[in-house]
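Colleague: Encoded as structure tokens, here's the structure I'll be asking about.
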Amino acid sequence: MEQDPMRRNGRHPAPPGHGPTSSRGHVRASWRGVLEAWLPHPLARAVAGMPDEWAARLTELRIRRQRPLLAVSGDGEAFVAPSGALVGVPSDALIVDEAQLQALVDRACGGSVYAVAEHLRQGFVTLPGGHRLGFAGRVVLDSPAQIRTLAEISSVAIRIARALPDVARPLLPRLTVSRPGRTPRLGSTLVLSPPGAGKTTLLRDLARLASWGVPELGLPGEQVVVVDERSELAGSYRGVPQHDVGPRTDVLDGCPKVEGIHWALRALSPGVLVTDEVGTAADAEAIARAAHSGCTILASAHADDVWQARRRPGLALLFELGVFERVVVLSRRHGPGTVERISSVAAGEGAP
């Protein structure tokens, strides 16, 4: 099995301010430094006091009304005391009250009634640095299929954004398609994993590398379009990607996949099209159209393995049409980002 790529350091040197390892123009501040400006005082104090080693591995903060503050990492979870100490007993943790929760929502959503209502209707908001707040509460509907907003907010899930530049680089030789007399190219790739196993992180870095190009593999930089329906790939804040997704990349932030793919094909001429969480038949049909137009497709989906993915109607269509040339399966077996398998779809067997 593969070594966990999230723990590798495959970086290649680049001149200062250039190349795929550059972070110039992107927010790289500590997640605590960013969030403390948005959290009400009791929550900010708890976050500031968390042990550094735990904070470095944190993936989520769960903030629930009248419930203990919970921190989640790739290694497990722990309740957080008012001082920031990690505790195992919920009664020793900071109990979040309604005022603290509402203050967080108001600050994150911009304060105005209209802005708060719009973000609550979408269900999330992105902060500087790409950190994402997801909301839960009582859903108010305009119709059985149309959400108006959330009322009586009950919880906020803060997902900590962590870009890992070059995490995909060790996999590139096995994802590259080479043919005699032609320039090598990145093959259309589907990344599969259960939730929280690193597929978004890997997909983001594949987009970045495709945009920058990888000269040592003969891969030229390409025009990349990211259809970022949930604002997780680029982590855009006020229209600016907070992650380095490459110098030749355009981002359709918050755009539904089907509409975004059609938009990209009409207006942006992508060589590489990137989107995550493929699931519906409509998603699959739009992706198939993009593939038939000549785009390389980089996408992800929830599945434990290829067998499970093939049983899902939307993905089954894409496999049937031969859209994907490579499939990467990730797990959390040795931590998020463990590569279980890289398969060549055309050959129907694991890549060497």
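Colleague: Might you let me know whether the stretch 204-217 holds any residue that is of a type outside the set (S, T, N, Q), in a loop (DSSP other than H, G, I, E, B), on the phi > 0 side of the Ramachandran plot and out of contact with any strand residue (DSSP E or B) (no Cβ under 9 Å at 6 or more places or on another chain)?
Modeller: So far as the stretch 204-217 goes, no, none of its residues is of a type outside the set (S, T, N, Q), in a loop (DSSP other than H, G, I, E, B), on the phi > 0 side of the Ramachandran plot and out of contact with any strand residue (DSSP E or B) (no Cβ under 9 Å at 6 or more places or on another chain).
Colleague: Restricting to the stretch 218-244, name every residue that is of a type in the set (Gly, Ala, Ser) and either touching a Lys or Arg at 6+ places or on another chain (Cβ under 8 Å) or not in a loop (DSSP other than H, G, I, E, B) (or both).
Modeller: Hits for the stretch 218-244 are Gly221, Ser231, Ala234, Gly235.
Colleague: On to the next question. Name the residue, out of Leu164, Leu150, that is crowded, with 21+ Cβ neighbours inside 10 Å and either assigned to a strand (DSSP E or B) or not aromatic (Phe, Trp, Tyr) (or both).
Modeller: Checking each option against the conditions leaves just Leu150.
Colleague: Does Val139 qualify as being assigned to a strand (DSSP E or B), in the same structural domain as His302 (by TED's automatic domain parsing) and more than 22 Å from Ser344 (Cα to Cα)?
Modeller: So Val139 does not fit the description; no.
Colleague: Could you tell me whether the stretch 255-269 includes any residue that is among the hydrophobic types (A, V, I, L, M, F, W, C), modelled with pLDDT under 95 and surrounded by fewer than 22 Cβ atoms within 10 Å (Cβ to Cβ)?
Modeller: yes
Colleague: What pairs can you find where one residue is in the stretch 93-106 and charged (D, E, K, R), the other is surrounded by fewer than 21 Cβ atoms within 10 Å (Cβ to Cβ) and in a loop (DSSP other than H, G, I, E, B), and their Cβ atoms are less than 6 Å apart, with a gap of 6+ or different chains?
Modeller: Glu98/Arg65
Colleague: Moving on to the next point. Based on what the data block shows, is Pro247 surrounded by 18 or more Cβ atoms within 10 Å (Cβ to Cβ) and assigned to a loop (DSSP other than H, G, I, E, B)?
Modeller: no
Colleague: When you look at Ser300, is it more than 25 Å from Val177 (Cβ to Cβ), of a type in the set (Gly, Ala, Ser) and crowded, with 21+ Cβ neighbours inside 10 Å, yes or no?
Modeller: It is false that Ser300 is more than 25 Å from Val177 (Cβ to Cβ), of a type in the set (Gly, Ala, Ser) and crowded, with 21+ Cβ neighbours inside 10 Å.
Colleague: Given the conditions (1) in contact with a strand residue (DSSP E or B) (Cβ under 6 Å, 6 or more places away or on another chain); (2) at pLDDT 95 or above; (3) surrounded by fewer than 19 Cβ atoms within 10 Å (Cβ to Cβ), and given that Phe79 satisfies all but one, which numbered condition is not satisfied?
Modeller: With respect to (1) in contact with a strand residue (DSSP E or B) (Cβ under 6 Å, 6 or more places away or on another chain); (2) at pLDDT 95 or above; (3) surrounded by fewer than 19 Cβ atoms within 10 Å (Cβ to Cβ), Phe79 is out only on (3).
Colleague: For the stretch 190-200, does any single residue satisfy the condition of being closer than 19 Å to Asp250 by Cβ and of a type outside the set (Gly, Ala, Ser)?
Modeller: Scanning the stretch 190-200, I find at least one residue that is closer than 19 Å to Asp250 by Cβ and of a type outside the set (Gly, Ala, Ser), so the answer is yes.
Colleague: Considering only the stretch 59-90, state which residues are out of contact with any Leu (no Cβ under 7 Å at 6 or more places or on another chain) and of a type in the set (D, E, K, R).
Modeller: Correct list: Glu60, Arg64, Arg67, Asp75.
Colleague: Of all residues in the stretch 219-244, which are surrounded by fewer than 24 Cβ atoms within 10 Å (Cβ to Cβ) and at pLDDT 95 or above?
Modeller: Once the filter is applied, which keeps residues that are surrounded by fewer than 24 Cβ atoms within 10 Å (Cβ to Cβ) and at pLDDT 95 or above, the stretch 219-244 yields Leu219, Pro220, Gly221, Glu222, Gln223.
Colleague: If you don't mind, another one. Take the stretch 108-129 and flag every residue that is surrounded by 15 or more Cβ atoms within 10 Å (Cβ to Cβ) and either at pLDDT 90 or above or closer than 15 Å to Ala37 by Cβ (or both).
Modeller: Ala108, Cys109, Val125, Thr126, Leu127, Pro128, Gly129
Colleague: Those residues that are part of a loop (DSSP other than H, G, I, E, B) and modelled with pLDDT of 90 or more, I need them from the stretch 183-197; list them, please.
Modeller: Across the stretch 183-197, the qualifying residues are Thr183, Pro184, Gly187, Ser188, Pro194.
Colleague: Checking the conditions here, which among Ala303, Ala309 is in contact (Cβ under 8 Å) with a residue 60 or more places away in the chain and more than 26 Å from His131 (Cα to Cα)?
Modeller: Just a single option satisfies the conditions, and that option is Ala309.
Colleague: Looking at the structure I just gave you, is Leu175 surrounded by 13 or more Cβ atoms within 10 Å (Cβ to Cβ) and of a type in the set (A, V, I, L, M)?
Modeller: Yes: the conditions hold for Leu175.
The values are calculated or read from the model by the stated rules, or taken from the named source; none is laboratory data. Remember, it's a predicted structure, so these values are computed and weren't measured experimentally. Neighbour counts are summed over all protein chains in view; Cβ atoms, including those assigned to glycine, are modelled from backbone coordinates with ideal geometry.
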